[in-house]
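Structure first, then comments.
The values are calculated or read from the model by the stated rules, or taken from the named source; none is laboratory data. Not measured: the values here are computed from a predicted model. Cβ placement follows ideal geometry from the backbone for every residue including glycine, while neighbour counts extend to all protein chains displayed. Side chains included, ligands, DNA and RNA excluded: accessible areas come from the protein's heavy atoms. Shrake-Rupley method; radii C 1.70, N 1.55, O 1.52, S 1.80 Å.
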Amino acid sequence: MSVVKGKLVKMEVIHVGEYEFTKQDIIGHGAFAMVYKGRKRKNASQSVAIKVVTKKGIQKASEILVKEIKILRELTALHHTNLVAMHDCMDSPGYVYVVMEASVCGSRVPIRSKVMRRRDRHAAGACAGPGNAARRRRDDRHH
Ligand SMILES: Nc1ncnc2c1ncn2[C@@H]1O[C@H](COP(=O)(O)OP(=O)(O)OP(=O)(O)O)[C@@H](O)[C@H]1O
């Protein structure tokens, strides 16, 4: 339950495989997606970030999205300490859900993500588009 405009409203819990979130818990948004704070259904103490990419208007970019998710899986398999892991990814008619390790730095993510994105694009050439979050650094040591 939560209070919206003075009224008690039951928030819909959205299930993404083993994970869940409510639209109330927004972490941030990018050009292609909304990102919500979620949790593991069997272990609510395990927080995750769930990126919901809308397919509306990205028909032409959907091939890139598929490739990007493949890259994210490969990066996750490296288990590198400087990379945010992708836990799961699910497709629905309207959306693609990407479940990621939640970055520990909370509100500082947007600042760093912009910096990292530019750096990533510079280094890798063609990494633009949804999914950049998974290449984010996991701590604040250098910021
Ligand atoms: N794994 C994460 N943990 C915590 N917060 C995150 C995570 N991923 C994304 N966020 C938050 O959600 C916001 C939107 O992320 P998203 O990846 O959709 O877009 P972006 O990389 O900021 O921009 P663009 O859409 O232009 O690539 C981020 O700016 C950040 O605040």
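Hey, can you tell me all the residues within segment 35-47 that are open to solvent by 60 Å² or more (accessible area, probe 1.4 Å) and either of a type in the set (A, V, I, L, M) or closer than 10 Å to Val98 by Cα (or both)?
Within segment 35-47, just Ala44 meets the criteria.
Among (1) within 17 Å of Met90 (Cα to Cα); (2) in a helix (DSSP H, G or I), there is one condition Leu75 misses while meeting the rest; what is its number?
Checking Leu75 against (1) within 17 Å of Met90 (Cα to Cα); (2) in a helix (DSSP H, G or I), the one that fails is (1).
Applying the selection to segment 48-63, what residues are surrounded by fewer than 16 Cβ atoms within 10 Å (Cβ to Cβ) and either touching a residue at least 24 places away in the same chain (Cβ under 8 Å) or part of a loop (DSSP other than H, G, I, E, B) (or both)? Step through it out loud before you land on a result.
Let us first name the residues in segment 48-63 that are surrounded by fewer than 16 Cβ atoms within 10 Å (Cβ to Cβ), namely 54, 56-57, 59-60, 62-63.
Scanning segment 48-63 gives Thr54, Lys56, Gly57.
Out of Lys51, Lys40, I need the residue that is touching a Pro at 6+ places or on another chain (Cβ under 8 Å) and within 15 Å of the ligand (Cβ to nearest atom). Which one? Full working, then the answer.
On the way: Lys40 fails: touching a Pro at 6+ places or on another chain (Cβ under 8 Å).
Testing whether each residue is touching a Pro at 6+ places or on another chain (Cβ under 8 Å) and within 15 Å of the ligand (Cβ to nearest atom) leaves just Lys51.
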